[in-house]
Structure formats: structure tokens, C-alpha cells
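What follows is a single structure, written as C-alpha cells, with notes after it.
The values are calculated or read from the model by the stated rules, or taken from the named source; none is laboratory data. In this text, all values refer to a predicted model and were calculated from it rather than measured experimentally. In this analysis, Cβ positions are derived from the backbone assuming ideal geometry, glycine residues included, and neighbour counts consider all displayed protein chains. Calculation scope for accessible area: heavy atoms of the full protein, side chains included, ligands and nucleic acids excluded. Shrake-Rupley method; radii C 1.70, N 1.55, O 1.52, S 1.80 Å.
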Amino acid sequence: MDKKHLDYVINHYPEKNIILQIGSRNMQNFELLKLVSSYSKEYGNTVLLKRGFGNTVDEMCGARDYLQHDNVILCERGIRTLSDASRFTLDLSAVPVLQQKTGCRVIVDPSHAAGERSLVSGLARAGIAAGADGLEIEVKSMFAKCPRKCDEAQALPIDEFYVLAHVCEDIDKILK
């Protein structure tokens, strides 16, 4: 979220090949984007940039440009619209548009768009059908002693996640 968090990562996770996620609320924190870009280039890390719920595709492309880094993954996680069917409206048309405009891999986060578990599977399948390169899905912890690191209402139980993963693999194979 800011430089102190990046300093923490640098000091505690010096390994290469980690993914640094810029959340939707910081998509337009341009100073942070520049810092993360510099660090990521130096250490060979991937940057995951999530679209803000009030941002356009062009604004996301502009934020991506601040990263000046080749190893970037963009994430469509839903935008605020007039619909109240789910927490956010998952803008699946953004997937191929972002791929074409940026050349980046684009993933979909159906968990945050849905806001409730019963919608996650359908949105995930739709994301893969729209051409997403992957999914970010919240899964309930299997370990009772671990503190919850996700929103309970939108997290899939692990058995449902495994079923969904296989279904999404099948959809991806059919489309290729």
C-alpha cells in the first residue's frame, strides 16, 4: 500500500519470483507504482495490478504504463455500476481489450466481484470463457488455527475450489 510495505517485502522476502500485488485502491498511487516497478525490475518479480472499481480500462492501461516493467499481470475484479445483483459488475469485455491494448496477461477475480460464495463459480467460468489467463479466487483455510485472511462470505470451501479448477481447465481446453 505504501513504501513501508515495500520495504518490509524487500527485507523479509528477498527471493525472486514473488508476485507483488497492487490492490484496486492503489491502482492510481503513481509514486507507489514507480517504486514497485523499480524494485520488481531489480529483483525480477512479477507485479499484479488490480483494476479500481471506479476506473476505466484506459485508466488501468495508464496505471500499467507507470510500471515500466515487462512482467505485469492485470486483474479485472469488477467495477461499480447501477446493478445490485452482486457486489461489483465483472467487466468481462475488459479481458480481451486489456490483453490487446497492453500485451499483458489478464486474470479475473470473481471472488471480489461476487461478494458471495454462490456466485463465484459462475463468474470464474465466465472469466475463462472470456479469455482470461487465470483466476484469483479466495479459498477458505483448511487449518482451523490459521487466522482468516479472506472475506468469509466470498471464499470457497477447498472441495468446491478443486471442482471449479477442473471445470475451468476443461473450459480452457475446449476454447483452445
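Tabulated values for the structure
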| quantity | calculated |
| --- | --- |
| Residue of 72, 106, 163 that the Gaussian network model of the chain assigns the largest fluctuation, springs spanning Cα pairs under 10 Å | 163 |
| ³J(HN,Hα) computed for each position of region 100-117 - Karplus, 6.51 cos²θ - 1.76 cosθ + 1.60, integer Hz, glycine/proline x | 5, 6, 10, x, 7, 6, 10, 10, 10, 10, x, 5, 6, 5, 5, x, 8, 3 |
| Region 30-87: translational diffusion in µm²/s, Stokes-Einstein, Kirkwood Rh over Cα pairs, 20 °C, 1.002 mPa s | 173 µm²/s |
| In nm, spacing of pseudo-spin labels at residue 61 and residue 151 (7 Å Cα→C-beta vector) | 2.8 nm |
| Sequence-distant aspartates and glutamates (8 or more away, or on other chains) whose Cα lies within less than 15 Å of residue 173 | 133 |
| With eigenvalues of the C-alpha gyration tensor scaled by 5 and rooted, region 96-137, Å | 21, 9, 7 |
| Percent of Cα-Cα distances greater than 24 Å, calculated over the chain | 40 percent |
| Extension reserve of the residue 174-residue 3 stretch, reckoned as 0.36 nm per residue once the Cα distance is removed | 57.2 nm |
| Carbon plus sulfur fraction of accessible area for region 69-120, probe 1.4 Å, in percent | 50 percent |
| Beta bridge orientation in the chain: antiparallel %, DSSP, nearest 5 | 5 percent |
| On Cα atoms only, tilt of 3-12 relative to the major axis of the chain in degrees | 90 degrees |
| 1.4 Å probe accessible area per residue over the chain, in Å² | 57 Å² |
